[in-house]
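*Asks:* Dumping the structure here so I can ask a few things about it.
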Amino acid sequence: MKRIYLDHGATTPPHADVIEAMLPYFRQYFGNPSSVHSFGREARRALDESREKTALALGVKPEEIIFTSGGTEANNLAIQGVVEALAARGRHVITSAVEHHAVLDTVKIMADKGCSLTVLPVDRCGIVDPDDLRKAIRDDTVLVTIMTANNEIGTVQPVEELARTCRDKGVPFHTDAVQAIGSIPLDLRGVPIDLLSLSAHKFYGPKGIGALFVRKGTKLGKLMFGGGQERKMRPGTENIPAIVGLAKAIEMATKDIPGKSAAITVLRDRLIEKLLNEIDAVQLNGHPVHRLPGNVNISVNFVEGEGLLLDLDLNGIAASSGSACTSGSLEASHVLMACGMDHQTAHGSLRLTLGHGNTLEEVDYTVATLKNSVDRLRGMSSLYKNYRRQVDKNHAGGEKTCTTKR
Amino acid sequence: MKRIYLDHGATTPPHADVIEAMLPYFRQYFGNPSSVHSFGREARRALDESREKTALALGVKPEEIIFTSGGTEANNLAIQGVVEALAARGRHVITSAVEHHAVLDTVKIMADKGCSLTVLPVDRCGIVDPDDLRKAIRDDTVLVTIMTANNEIGTVQPVEELARTCRDKGVPFHTDAVQAIGSIPLDLRGVPIDLLSLSAHKFYGPKGIGALFVRKGTKLGKLMFGGGQERKMRPGTENIPAIVGLAKAIEMATKDIPGKSAAITVLRDRLIEKLLNEIDAVQLNGHPVHRLPGNVNISVNFVEGEGLLLDLDLNGIAASSGSACTSGSLEASHVLMACGMDHQTAHGSLRLTLGHGNTLEEVDYTVATLKNSVDRLRGMSSLYKNYRRQVDKNHAGGEKTCTTKR
Amino acid sequence: MYNEKVMDHFQNPRNAGEMLNPSGVGEVGNMKCGDIMKIFIKVEEGRIQDINFLTFGCGAAIASSSMLTELVKGKTLEEALNITNMDVAEKLGGLPDAKLHCSNLAADALHKAIENYQANNSPV
Amino acid sequence: MYNEKVMDHFQNPRNAGEMLNPSGVGEVGNMKCGDIMKIFIKVEEGRIQDINFLTFGCGAAIASSSMLTELVKGKTLEEALNITNMDVAEKLGGLPDAKLHCSNLAADALHKAIENYQANNSPV
Ligand SMILES: Cc1ncc(COP(=O)(O)O)c(C=O)c1O
Ligand SMILES: Cc1ncc(COP(=O)(O)O)c(C=O)c1O
């Protein structure tokens, strides 16, 4: 069976050129960059060049990049690090209700340890209002952390405005850009973001490697202690092949974002249109316009998302319901709930995230498959029976997308 | 120029079979193990199997293995995690003077944050006396962390005895076994070690991946927060290719350790013998018997180690002076100083660490090359001139190895 | 995630659908968990002659509903009341731990349906 | 780590060795840092006619000693006193940051040697 991968939000296949770039560092150039001999110097050169490439892709300085083991570590380092470094100044942290668990769980732990925490609400499309942020900032606010783009519903925040608000008030601004890199253009020269997290496996790079951008002058504590690597901010023998892979991947991912994003947006919009038109009682979650080019998130009313996933999988289609990272839990997505959705609708959510390899045929096949699955599952669903009885009486019909100021 | 790699203590070349095992997980099987679809299940299966293999190699249960980004993270998780989890019980931590910086710096930070710290001394060969440990344990001791084998001088500690001492007193025992895995047999079934750190790139596996063994029932806090991976102890998308590589590497590394170790010991002992016999005023650092099969560490009196390294490198030989990880610093190795060495002798230290690829010819070539280098550098060394004048008068000659009770 | 037996019941659910004029109906679950099961029974001469289910829920919820109906059909009410959620999970060859708590409630729904039948048919 | 010029001076040090009957000798450094440099000068008619060094130390220490001797040979004492450690590092095309502090002391040793010469030859 031909398989169709529509879960690029969970992870992406490393690009062949990325794997090619990494291989020599598993084979010939296996040295430890801390060693003074030729094997070490080869590794050091790769490390330096990778840092330069990564910095260039973001419009920052090489010494502002700290390589980490992934997005989770980058988020933890940013949050725990700033909170610790600025403990003398204050202990108030601001975040949003739709953050990834790597941010949300971390700020909650900070709260348990004595920080005070403000969780900003979002509108029905998942957008944080910069006015809310402005009002929430206090004298003792030491960190604002709001993601660039959401992993579940794809909503893109007004980060530039949020960052400026923080800069105006002299508060460090961190953004989890794990889902954004390679999908929306980000040039940190012009935007006053102080810290930014990224993870290579979300933009066709390898797993287990990420980076934290830390603007010069930003105070930061550490998560781990040991050797002098990464300017003492992140000890441990550097993962050279993965770092080389990250650099290659970010170089490729940030090249011609408008062009690549337009191509994926075509697929996305066709997928959304067909789903909303061809399946009864389906709504789009997330913002209709300010959304990642590859993200489709719908709620299929009166069925539970997992059943859809299983049917799709039986037909070779890989999708997700809520974030892959949280699929172990049985609770409805905190992101959808924060957008004001009821439990039933949240449980019926389905995320289809498109990537560079997908085609129009795949989109059409997916819609057809999903339609069959929805029919089948609704045939067993008590909720749908009740709904049909209502509709047949009233000709009711809900909103198909959220409404928002922006 | 043919190159000779004698720096296996810094990092090892990944075995071809390890790279081969990893490749499919960069290419076909790139899924996120948290995903429910077929791509996710492939990754999940690889993760489960790798955990089983790793556990089997150590004689422990799969659920006792937490994969980390390397040895440094494993050490930090063990130390910070136990100190946090047992904060209510006490705050006294015991370690040794010859630990790697990933342990030493971490316990020192714990001390800055309010722990009290006992650093056990070592004898001239680098051995910790279990009697000293027994005396140091107090009612409020919550953790003892002593390495299995030293990265600089190769000294192997009496871990089993140290572990039993802790178990008798009900104190958790952690050991940094990063240098030991694959070099000395370790079956955790019989030895009451509670936590053990390892790092794949030290046993012919990939960089950027390690593991912490945590015996069931051991209380542990976390370094990072986020997803539910690694039984919630270590969040972040799992680095599947690297984990597969680690599992393959540890499976291979722990097969027939006595046989492989005997082969390397032959090379090591020839190297030691020739160095001590053919070069004037050289001494062996570390224990003559309880030492890693691949480790040679000598002090070449009256020259500085870096000059030797450079000369060796110019002749294609990769070696290190002290630990590669600390070579950025200019200070003499804390390990050699802890063994009672004076600064001059410590500065002249040279570490040659043998691995599976090395040959007798390489050993002989290295000795010849080193002899030339020593002659050349001593010709420029004021210290050597003074020494020769003394020797010619007195026929003085120092000890060539350390003395120890064990 | 699920074994073959569970997947079979998910793909080919037995006795799915609504029943007209049932002898008893039972519903369990709540929207927060995301699992709602409704069991319809037709009782004749103290036996469950027919049984149907409607389930809103995950794969485990659908499969356990289906398995329950198969287990129960033809049984006496007494026998049916002895069937537990764990029996259903066992017959399915096991369910993932995370699913045992929320999604494996079909026996509860059955018991409610029997109660409902008994209430309807109790002497006034 | 080191550039080509530094490596050249490390591999082919100029004027290395002991000098018999020098006009002045200077020594700097300490064992904790691991760098000890000794400079010997022969002074004739106010000029440094000959110069030698003995150095215990890292590559940078040896290269900077060597470079210094080359810079200084034939210079007047006054000119020699104007040469700084930074001049030596610059002439070498730069040294790693970590090495500038400890290992780049050859000019200091030279100045001590000149002082030593002047002390020996000052009118009583
Ligand atoms: C928005 C966001 N932040 C953080 C992460 C965590 O990244 P990683 O799994 O690489 O640690 C993810 C992905 O899982 C994500 O989507
Ligand atoms: C004894 C010891 N512990 C810990 C480490 C750190 O391991 P890693 O560099 O994989 O983080 C090393 C190696 O550098 C080591 O030799």
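*Asks:* Looking at segment C:50-105 only, could you name the residues that are surrounded by fewer than 20 Cβ atoms within 10 Å (Cβ to Cβ) and within 14 Å of another protein chain (Cβ to nearest Cβ)?
*Replies:* Passing the criteria: C:Pro96, C:Asp97, C:Ala98, C:Leu100, C:His101, C:Cys102.
Every residue, every condition in (1) modelled with pLDDT of 95 or more; (2) under 25 Å from B:Pro293 (Cβ atoms), yes or no:
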site: B:Ala338; (1), (2): yes, yes
site: B:Ser349; (1), (2): no, yes
site: B:Thr369; (1), (2): yes, yes
site: B:Asn372; (1), (2): yes, no
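*Asks:* So, one more: Of the residues that sit in segment D:16-42 and are among the small types (Gly, Ala, Ser) and not in a strand (DSSP E or B), which one is farthest from B:Glu306 (Cα to Cα)? Lay out the reasoning, then the answer.
*Replies:* Filtering segment D:16-42 down to residues among the small types (Gly, Ala, Ser) leaves D:16-17, D:23-24, D:26, D:29, D:34.
Next, from what is left, pick out any that are not in a strand (DSSP E or B): D:17, D:23, D:34.
Working: D:Gly17: 20, D:Ser23: 32, D:Gly34: 10 Å.
In this case the residue turns out to be D:Ser23.
*Asks:* Then there is this: Just one of A:Ala87, A:Ala102 is crowded, with 21+ Cβ neighbours inside 10 Å and of a type in the set (A, V, I, L, M, F, W, C); which is it?
*Replies:* A:Ala102
*Asks:* Just checking: which of the helices (runs of 4 or more DSSP H) contained wholly in segment B:42-139 hold 2 or more residues that are within 16 Å of ligand 1 (Cβ to nearest atom)?
*Replies:* B:71-85
*Asks:* Looking at A:His37, A:His101 in this structure, which one is more than 16 Å from A:Ile209 (Cα to Cα) and within 28 Å of the chain's Cα centre (by Cα)?
*Replies:* A:His101
*Asks:* Going through B:Gly71, B:Gly90, B:Gly59, B:Gly114 one at a time, which residue ends up being small (Gly, Ala, Ser) and facing chain A (nearest Cβ under 9 Å)?
*Replies:* B:Gly71
*Asks:* Could you check segment A:26-46 and list, in sequence order, the residues that are within 18 Å of A:Ala249 (Cβ to Cβ) and within 11 Å of chain B (Cβ to nearest Cβ)?
*Replies:* A:Phe26
*Asks:* Report yes if some residue within segment B:235-247 is more than 24 Å from B:Val103 (Cα to Cα), away from ligand 1 (no atom under 16 Å from the Cβ) and surrounded by fewer than 19 Cβ atoms within 10 Å (Cβ to Cβ); otherwise report no.
*Replies:* Scanning segment B:235-247, I find no residue that is more than 24 Å from B:Val103 (Cα to Cα), away from ligand 1 (no atom under 16 Å from the Cβ) and surrounded by fewer than 19 Cβ atoms within 10 Å (Cβ to Cβ), so the answer is no.
*Asks:* Of the numbered conditions (1) touching a Gly at 6+ places or on another chain (Cβ under 9 Å); (2) at pLDDT 90 or above, A:Gln344 satisfies every one except a single condition; which is it?
*Replies:* Status for A:Gln344: all satisfied but (2).
*Asks:* Moving on. Out of all the residues in segment A:243-266, is one or more in the same structural domain as A:Gly205 (by TED's automatic domain parsing), of a type in the set (Lys, Arg), touching a residue at least 24 places away in the same chain (Cβ under 8 Å) and assigned to a loop (DSSP other than H, G, I, E, B)?
*Replies:* no
*Asks:* List the number of the failed condition for C:Asn52; all other conditions in (1) under 27 Å from A:Asn315 (Cβ atoms); (2) of a type outside the set (Val, Ile, Thr); (3) not in a strand (DSSP E or B) hold.
*Replies:* (3) is the only condition that C:Asn52 fails.
*Asks:* Search segment B:30-48 for residues that are in the same structural domain as B:Glu63 (by TED's automatic domain parsing) and within 16 Å of ligand 2 (Cβ to nearest atom) and pair each with any residue that is in a helix (DSSP H, G or I) and not β-branched (Val, Ile, Thr) when their beta-carbon atoms are under 8 Å apart and the residues are at least 6 apart or on different chains.
*Replies:* Qualifying pairs under 8 Å: none.
*Asks:* A further question on this structure: Give me the pairs, please: first residue somewhere in segment C:17-35 and away from chain A (no Cβ under 12 Å) and in contact (Cβ under 8 Å) with a residue 40 or more places away in the chain, second residue anywhere and of a type outside the set (D, E, K, R) and surrounded by fewer than 18 Cβ atoms within 10 Å (Cβ to Cβ), beta-carbon distance under 8 Å, and either six or more positions apart or on two chains.
*Replies:* Listed by first residue and then by second, the contacts come to C:Ser23/C:Asn120; C:Ser23/C:Asn121; C:Gly24/C:Gln118; C:Gly24/C:Asn120.
*Asks:* Which residue pairs have Cβ atoms under 7 Å apart, sit 6 or more places apart or on different chains, and have a first residue in segment D:99-124 that is more than 19 Å from D:Asn82 (Cβ to Cβ) and a second that is of a type in the set (S, T, N, Q)?
*Replies:* Every condition considered, the pairs that remain are D:Ser103/D:Ser64.
*Asks:* Looking only at segment B:1-18, count every residue that is facing another protein chain (nearest Cβ under 9 Å) and either free of Cβ contacts under 8 Å to residues at least 40 places away in the same chain or surrounded by fewer than 22 Cβ atoms within 10 Å (Cβ to Cβ) (or both) and tell me the total.
*Replies:* 3
*Asks:* Would you be able to tell me the number of residues in segment B:197-241 that are more than 10 Å from chain A (Cβ to nearest Cβ), away from ligand 2 (no atom under 16 Å from the Cβ) and assigned to a helix (DSSP H, G or I)?
*Replies:* 2
*Asks:* Would you confirm whether any residue within segment A:313-330 is part of a helix (DSSP H, G or I), in the same structural domain as A:Arg351 (by TED's automatic domain parsing) and either at pLDDT 95 or above or on the phi > 0 side of the Ramachandran plot (or both)?
*Replies:* Yes, segment A:313-330 contains a residue that is part of a helix (DSSP H, G or I), in the same structural domain as A:Arg351 (by TED's automatic domain parsing) and either at pLDDT 95 or above or on the phi > 0 side of the Ramachandran plot (or both).
*Asks:* Just the residues that are in contact with a helix residue (DSSP H, G or I) (Cβ under 7 Å, 6 or more places away or on another chain) and within 10 Å of ligand 2 (Cβ to nearest atom), please, taken from segment B:97-118.
*Replies:* Passing the criteria: B:Val98, B:His101, B:Ala102, B:Val103.
The values are calculated or read from the model by the stated rules, or taken from the named source; none is laboratory data. Please read all numbers here as calculations on a predicted model, not as lab measurements. We place every Cβ from the backbone using ideal geometry, glycine too, and count neighbours over all the protein chains shown.
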